[in-house]
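Q: Below is the structure I would like to discuss, written out as C-alpha cells.
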Amino acid sequence: MAQLASISSTLLYIAFLLYLVATVFFAGSIKSKKHTNQTGKNRWATIGITITLIGFASQLGYFFTRWIASGHAPVSNLFEFITFFAMMLVAAFIIIYFIYRLHILGVFALPIALLTIAYASMFPRDVSPLIPALQSDWLAIHVSTVAAGEAILSVSFVAGLIFLLKDIDLSKGGKQVFWLESVLFGIILVVGFVLSATVFSVAGYESEFTFINADEAETVVQYSMPALVTPNEGELITEGAFSTGLEMHPLVNASRLNTVIWSIGVGIILYLLIRLISRRKVAALFQPLVKKANLDMLDEVGYRSVLIGFPVFTLGGLIFAMIWAQIAWTRFWGWDPKEVWALITFLFYAAFLHLRLSRGWEGNRSAWLAVIGFVIIMFNLVAVNLIIAGLHSYA
Amino acid sequence: MSKLICKCGHVNPEGSELCQACGRTLTEKAAKRKTNDVMRYEGMARRSQTYHASVIDKVWNFFSSVKVGVWLIVITLVASAIGTIFPQEFFIPQNIPAIEYYEDRYGIAGKIYYVLGFHDLYGSWWYMLLVAAIGTSIIIASLDRGIPLYKALKKQRVERHDSFLKRQRIYSAYEAKGSLDTLNRLSEGLKKRRYKVRVENGSLLAEKNQFSRWGPYINHTGLIIFLIGAMLRFVPGMYVDEMLWIREGETQIIPGTDQEYLLKNEGFTLETYQEGDSEVFDETIQRTGAIAKNFQTDAILYKKDENAIAGSTDNITEVDHHAIQVNVPMKFDQFALYQTDYIEDELYKMSFTMDSKETGEPVGSFTVDLFDPNTSGVYELNDGYAVEISGYYPDFSGFDDGEPQSVSPLPNNPAFLFNMISPEHPDGEVAFVAIQQNLEPLGENDYEISFNGIETRDISGLTVRKDLTLWILALGGAIFMFGVIVGSYWNHRRIWIKTDADSHLYAAGHTNKNWYGLKKDIAPAFEYAGLDQPDDHQELKESKGNAKEEDESGTTREHK
Ligand code: HEM
C-alpha cells in the first residue's frame, strides 16, 4: 500500500509536467503564423490537447491509486481537495475545448491548473485516515460534484480574463486597468507563496513557539518560515531560529499571518522585478497572446460555462450537501461558514445569470462578474478553511 | 383600454411591442430596443410594463423588476458574508452572555457586530424579511412574464413580416433562391435535426426545445416550495430537536416522543486509529496525534405498551437493536437518533477501605454507587466494623458556615461524611472525605477512610430529531434542480424562412441562448438546400472596456 501511495505521487508529478508541456504547445498554436483563426484544427493545438489528455489520464491515475491505497476517496484534506479541484478544472477545460476548439483557453486554463496543484502541494500531503463525520459515501459524491461545479464555473473566469486582457485599453489607464492588473498581481501572490514555501521547506526551516491562545491556554505552534510576527506572548523554543518578537493579538493565527506576509513580500518583489525588467504592465505582457482572440467567442464560452457549471454546483454544493448534512449533522442546514459561502456562491451566480439574461450584462461586465465569481470560489475553497473555523475545517 | 392595431389589421393589447400576428414592431420605443430584449417575451404586453397608476401597480412593478430582484439577492449575499466574520451566537459557549462574549473576545468590532444583530443574523427579522421579499419577487416576476410568454408561444404564426425577420440577429436575404424546392430541402434538413417544422404559404417556421423556456419558471416554483417548507419548520409538531444524554447501562424515555419510546444504552465506544492499522496512515498519526475512528452507542429501542403507566419503564417491548454511529442514525417512526456527543469516564462507583491508623492495615472495604449511595443504611464490613454515610455531596464546592455544599446532583467531585463504626468506637468516628481531602471535624480518629479505586462509565449524547418538513424541501429542491437543468442544458431555437413572388428567400434565426450552438445546428440544413449560412449580426462588437458604449451600440442594427 505504501508503494501504491508513492506510485500515486509520481503520477501526479507526471501530470504536472505534462500540463506544463501542453501549455507551451497551446501558446505555440496562438503564435503560429499559419493559423490566423483561433479555433478549429491546428497542429500545435492538437499536440497540446493530446498531451493534456495524457496528463489528465495520469492525474486520474494519481487519484484512483491514492483512493485504493487509503481506502477512501482522496478528497478529505486541503491538499487532496485542491488537487482534485485542479483535476476537475482540466476536465472542464477539455470539455469546453472540445465544444468550441478555442485554443487560447489552454494557454490560460492550464497554467491556472498548474498553479493550483503547486499551491495544494504546500499543504501536508500524507494520506490521512477519515474522522467519523467523513466516513460516508456522500464524501465522494458531495465533494466531487462541488469541485466539478466550481471548476466549470472557473472556466468562465479563464474566458473572462482573456476577454478583459484583450478588451481593456491599457494605454488609457483607469479603474478597469487597475483592477485587471490587481487580478494578475493576485495570481503572482500565489506564485510568491509557492516559492517561499518551497524554498524554506527545501532548506528544512522549522521553528516552534509556545504561546497563550484565545482561550488562555498555553499551546505550541510550528512555523515553517522565519517569524516576522509571533503569537500572543509567544516564546521561541527552537534554538537559533529567527524571530522579530512582534506579537499578535490572540485571535490572530500568527503562524498563518506570517506565511501570508512572506507570500505577499515575495509576490511584491516578483511583481516589481517583472515590471522593472519588462518596463510594462503585467497585463501588457499577455497582450501579444490575446491579440487574435475573438471577443464574442470568449463571451459565449464564459456564459456557457456558467450555464453548465451552475446546475452542477447547485447539485453538489447545496442539494447533496444538504442531504449529507441531514445524515451526518442531524440537520440539512446549520449556517456553518462553509455552508454560508456555498450559498453566497450560489446567489452570486444566480445574480450573474439574471443580470445577463434580463439586464443585458454581456461582454465586459459579464467578464468582470466571472472574475468576481472566481474570487468567491477561491475564498470558499481556501480562506474559509484557513481563516474561519467551522465544522468543515479539515487539514 | 386602448388597443394597438397593427398595419396587418391584428388587434394587440395595450403594451405589446410586437404584433402577435405578423411580428411587426408596434411602437417607436420597441423599435429602438435591442432585438434580444424585445424577443425575450415575444414582444408581449406585460402587466408591469403597461400599468403604472395605482398602488397595486407600483408594488407589482417593484417586485417584478429583475433589477430589484438582483439587488435583493446581492443584499442577502453581502449580509450572509458579514454573518460569517465572527461565529454566530449558536456556535459560542453557552455559559457566557453573548454581549460579553463578543465584546471580550473581539473588542469594539465584536460589540458593533452584536449591537447590529449580526450575531443572530439568520434568525433576525430583517434577514427573514429579505428572504420573504425575494420570494415575493420571484412569484410576481414569474407571473408577470410567464403568463404572456405562455400565450405567445402557444399561438405562434408561421408567417412573419419582413421587418421582424430583418431585425433578428441571424438573418440573411437570398436572391433568386425562393423556390419551393429550396423550402422543402430546408424543411427536410431541419427535421433531421429534430426541429418541428410548419410550412404555410411559402413560409416556414422550425422550432425545437420550446420546453426549455419554462426552465426558469419551474425552478422558481421549486424555490418557492422550498421556502414554504423552510417556514413550516415553525409550525408546532413539525420539528423536534432534543438532546438525550444517556449513561451506559441506563434506559431512558426519549424526549420529544410523547413518552412513547425508550432507549437503552448498552455501551458507548470511542475508537481511535492506531499506528500500524494501515501503514499509509502512520505518518499522519505521528504528526497530529490520535485521530478518532468511531463513536458508537449500542442501543436498544423500546416502545411502551398501550396500557403502560406514564413515566415508568415497565411494560415495554423491544423494537430495534443496533449501533448508532456518526453518519448512521437510528430511525424509527418519524424520528431519528444521531450520535452527536459524548462524555467519557464519568465517575460511577467509588471503592474505599477503612484502615486502622495504628497498624496501617485495612479492616474492610466497600463500594459506593455514586448515583445511588446507601445513605440510610450501613456498609457492613467484617468483624464488627461498618461505615455509614451520613452526608453525600456529589458536586462538592466548599464549605459554607461549616456545612459542605454541592452545586449539582452530578458526581463531578463527590465528597462524603462517613461515620466509621469499630469495636472500639461503637458510636462511630466522623470523617469528611473528598478527592485529595481528608478532614476529621470532630477531633483525632483512630481509623481513616482511603480511596481504593473508581469505576467510570461513558455518557452518550444523542440528538433526537423529527423533521416533517423534509419531504417538502426535497420536493422543492428536486423541482428546482429539474428546472435549472431544463433551462440551462436545452435552448429554445427557431428558424423563420420566407419566400416571396420575386423568388427572394429570407432566413432568420433566434435562440434564447447559445448562438454558437444554433449556428452549428442549422448549418447542415442550409448546406443541403444549397444556401450560404445566414449571417450572424453580432450585437457585441469589440467594446474596449467601455461598457456604456456597448449598451447603446446594442440597439437593433439594420441589415444592409
Ligand atoms: C435565489 C433566488 C433565485 C434563483 C436561484 C433564480 C434562478 C434563476 C435561473 C437559474 C434562471 C434562468 C437563468 C438563465 O437560464 O440564464 C432564472 C431566470 C429568471 N429569474 Fe430567477 N432566480 C432567483 C430569484 C429571482 C428573483 C428574485 C427574480 C425577480 C425579479 C427572478 C426573476 C427571474 C426572471 C425574470 C428570469 C428570466 C425568465 C425568462 O427568461 O423567461 N429570479 N432565475
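The values are calculated or read from the model by the stated rules, or taken from the named source; none is laboratory data. No experiment lies behind these values; they were computed from the predicted model shown. A quick note on method: Cβ atoms are made from the backbone with ideal geometry, for glycine too, and the neighbour counts reach across all protein chains shown. The protein model used for the area step is the full one, side chains on, heavy atoms only, and it has no ligands, DNA or RNA in it. Shrake-Rupley method; radii C 1.70, N 1.55, O 1.52, S 1.80 Å.
Q: To the nearest Å, what is the center-to-center distance of segment B:49-110 and segment B:417-433, using C-alpha atoms only?
A: 68
Q: May I pose another question? Can you run the Rg to Rh ratio on segment B:1-45? Use alpha carbon positions and the Kirkwood inverse-distance Rh.
A: 0.93
Q: Right, here's the next one. Which number comes out as Rg/Rh for chain B once both Rg and the Kirkwood Rh are worked out on C-alpha atoms?
A: 1.24
Q: Just need log10 I(q)/I(0) for segment A:293-374 at q = 0.14, 0.16 Å⁻¹, Debye formula, equal scatterers on the alpha-carbon atoms, no solvent, rounded to two decimals.
A: -0.54, -0.65
Q: Taking a ≥ b ≥ c as the square roots of the Cα gyration tensor eigenvalues, with a/c under 1.5 meaning rounded and otherwise prolate when a/b beats b/c, else oblate, which class fits segment A:73-116?
A: Oblate, because a/c is 1.5 or more while a/b does not exceed b/c.
Q: Per residue of segment B:366-372, in order, report the coupling 6.51 cos²θ - 1.76 cosθ + 1.60 (Karplus, θ = phi - 60°) as ³J(HN,Hα) in whole Hz, putting x for Gly and Pro.
A: 8, 10, 9, 7, 5, 9, 8
Q: Roughly how far apart, in whole Å, are the Cα centres of segment A:136-211 and segment A:286-327?
A: 16
Q: Search the structure for amide H atoms under 5 Å from the amide H of residue B:294, placed 1.01 Å from N in the peptide plane, and list their residues when 5 or more places away or on another chain.
A: For residue B:294, the qualifying residues are B:271.
Q: Additional query: If you project the alpha carbons of the protein assembly as shown onto their three principal axes, what span does each projection cover, largest first, in Å?
A: Its Cα atoms span 134, 74, 51 Å along the three principal axes.
Q: Average projected area of the Cα convex hull of chain A, in nm²?
A: Computed as one quarter of the Cα hull surface, the answer is 21.2 nm².
Q: Which whole-Hz couplings ³J(HN,Hα) result when phi for each residue of segment B:403-415 is put into the Karplus expression 6.51 cos²θ - 1.76 cosθ + 1.60, θ = phi - 60°, listed in order with x for Gly and Pro?
A: 8, x, 10, 10, 8, 7, x, 8, x, 7, 8, x, 9
Q: Would you tell me the accessible area of residue B:154, worked out with a 1.4 angstrom probe on the heavy atoms of the protein chains, in Å² to the nearest 10?
A: Its accessible surface works out to 150 Å², give or take rounding.
Q: For a test of understanding, tell me how many lysine pairs in segment B:239-467 have Cα atoms under 24 Å apart, given they are 8 or more places apart or on different chains.
A: Counting lysine pairs in segment B:239-467 gives 12.
Q: If you take each beta carbon of peptide B:270-281 and count the beta carbons of other chains within 10 angstrom, what is the mean?
A: 4
Q: For the pairs B:32/B:166; A:31/A:292; B:155/B:196; A:166/B:67; B:155/B:192, note any where the Cα-Cα span goes beyond 21 Å.
A: A:166/B:67; B:155/B:192
Q: Helix B:98-115 versus the longest principal axis of chain B: what is the Cα-based angle in degrees, 0 to 90, to the nearest 10?
A: Helix B:98-115 sits at roughly 20 degrees to that axis.
Q: Take A:16, A:79 and sort them by solvent-accessible surface of the protein heavy atoms, 1.4 Å probe, largest at the top.
A: Solvent-accessible surface, decreasing: A:16, A:79.
Q: Just to make sure I understand: if all protein chains stay in place, what is the order of B:473, B:442 by accessible area at 1.4 Å, largest first?
A: I get B:442, B:473, largest accessible area first.
Q: For segment B:248-375, just the Cα atoms, rotate onto the principal axes and tell me the three extents in Å, largest first.
A: Principal extents (Cα only, largest first): 65, 54, 19 Å.
Q: Which three numbers, in whole Å and largest first, are the semi-axes of the equivalent ellipsoid of segment B:300-411 derived from its Cα gyration tensor as √(5λ)?
A: Three semi-axes, in Å: 41, 19, 17.
Q: Using mean Cβ contacts within 10 Å as the protection proxy, how do B:262-269, A:133-140 order, highest first?
A: The densest-packed peptide leads the list: B:262-269, A:133-140.
Q: Let me ask something else. Report the relative contact order of segment B:239-467, percent, no decimals, based on alpha-carbon pairs under 8 angstrom and at least 6 residues apart.
A: 23
Q: Give me the accessible area of residue A:255, 1.4 Å probe, in Å² rounded to the nearest 10.
A: Per-residue accessible area (residue A:255): approximately 20 Å².
Q: Going Cα to Cα from residue B:111, which lysines come in below 27 Å? Please leave out same-chain ones fewer than 8 positions away.
A: Result set, ordered by chain and number: A:338.
Q: Here's something else I'd like to know. Could you order B:157, B:47 by accessible surface area, starting with the largest, using a probe radius of 1.4 Å?
A: Heavy-atom accessible area, descending, gives B:157, B:47.
Q: Continuing with the same structure: What translational diffusion coefficient, to the nearest whole µm²/s, does segment B:130-262 have by Stokes-Einstein, given a Kirkwood radius computed over alpha-carbon pairs, a temperature of 37 °C and 0.692 mPa s viscosity?
A: In µm²/s, the coefficient is 156.
Q: Taking Rh as the Kirkwood radius computed over C-alpha pairs, what is the Stokes-Einstein D of segment B:58-154 at 20 °C in a medium of viscosity 1.002 mPa s, expressed in µm² per second?
A: In µm²/s, the coefficient rounds to 137.
Q: Only helices at least 24 Å long along their own axis, judged from Cα atoms, and with Kyte-Doolittle mean hydropathy of -0.5 or greater: name those in chain A from DSSP H.
A: A:2-31, A:43-70, A:78-100, A:104-120, A:137-167, A:175-202, A:254-278, A:295-313, A:337-359
Q: Can you tell me the mean projection area, over all orientations, of the convex hull of segment A:116-213's alpha carbons? Units nm², please.
A: Taking the Cα atoms of segment A:116-213, their convex hull projects to 11.1 nm² on average.
Q: Another one. State, as an integer percentage, the relative contact order of chain A based on alpha-carbon contacts under 8 Å between residues 6 or more apart.
A: Over chain A, the number comes to 18 percent.
Q: In straight Cα distance, which aspartates and glutamates are under 14 Å from residue A:172, not counting same-chain residues fewer than 8 positions off?
A: Leaving aside aspartates and glutamates fewer than 8 places away in the same chain, those within reach of residue A:172 are A:181.
Q: Then there's this: For segment B:58-154, what relative contact order do you get, as a whole percent, if you take Cα pairs closer than 8 Å and at least 6 residues apart?
A: The normalised contact order for segment B:58-154 reaches 41 percent.
Q: Which value, in Å² and to the nearest 10, is the accessible area of residue B:33 when all protein chains are kept and the probe is 1.4 Å?
A: 80
Q: Let me ask something else about it. So what is the orientation-averaged projected area of segment B:239-467, using the convex hull of its C-alpha atoms, in nm²?
A: Reported value for the Cα convex hull: 18.8 nm².
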